[in-house]
Amino acid sequence: MLTTMKKRKVGTAARKAGKVERKAPYHHGDLREALIAATRRLVMERGGENFTLADACRAAGVTTAAPYRHFRSKQEILEEIASRGFAALKERAMAVIAEKGPGTLEAIIAMGQAYVAFAVNETALFRLMFGQDPSLKKAAHVAGTGQDCFSHLIEQITLYCQKNRVRGDTLEIALRLWTFVHGAASLQIDKDYLAIAPQLDVNCLIANATPGLLAPVQGSRKR
């Protein structure tokens, strides 16, 4: 009888322990988003290379084992941040198009100005997105976010060409515009304009240059 009672007590205690164990899994709200947010803050503060995954864990308030529930490495978190950066850049372009009108010269100018503003306001993120790390570029390619940004530009140029009866290679025109605007953005955030033209208004520069960049080039392929 005594032995039976002991067994029952042991069984009850085991069941309670099991219940406690099941009720107390690791919990940190949305762990994945917490890690992304913490890593993004570190990118803004230090750049993408000057911190470790352990630093990101401390910033997120989690253990160093926690990230492996969602990411295999710090690099995977950076890839997600870069991909989201391209998505945010596209959203800004879509906002100015909605304001200025699809396929208008004003919209295409505003897209270029928004691109430079993004680079200035989100410099560390911009550098991460367009840096020399091939894995980040590959991740953006796989996610499709980088291509979405550029495809959106091509769509607007195609509309512009149709409305204004401009004949030319829309891909070539888009590349011409992107090359100019990306170069302007890089020169602006690197403060290179200050040494040569400290009074330069980059928005004005983009507005003045865009009409000429949209014109067809003699000898270009027709589309």
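Bear in mind these aren't lab numbers, they're just calculated from the coordinates by the rules spelled out. Everything numeric in this text was worked out from a predicted model, so none of it was measured. Every residue, glycine among them, receives a Cβ derived from its backbone with ideal geometry; neighbour counts consider all protein chains shown.
Within the straight-line cut-off of under 20 Å between alpha carbons, the aspartates and glutamates reachable from LYS191 are GLU45, GLU122, ASP201, sequence neighbours fewer than 8 places apart in one chain being disregarded.
Which ordering of ARG165, ARG92 is given by a fewest-first count of other beta-carbon atoms within 10 Å? Please report the intermediate quantities before stating the final value.
Numbers: ARG165 6, ARG92 19.
Ordered by Cβ neighbours within 10 Å, fewest first: ARG165, ARG92.
Going by neighbour counts of Cβ atoms within 10 Å, the residues ASP55, ASP201 line up, fewest first, as ASP201, ASP55.
When ASP30, ASP133 are arranged by Cβ crowding within 10 Å, least crowded first, meaning fewest neighbours, the order is ASP30, ASP133. The trypsin sites (Lys or Arg not before Pro) of segment 44-91 that meet both conditions, a loop assignment by DSSP and at most 12 other Cβ atoms within 10 Å of the site Cβ, are ARG72.
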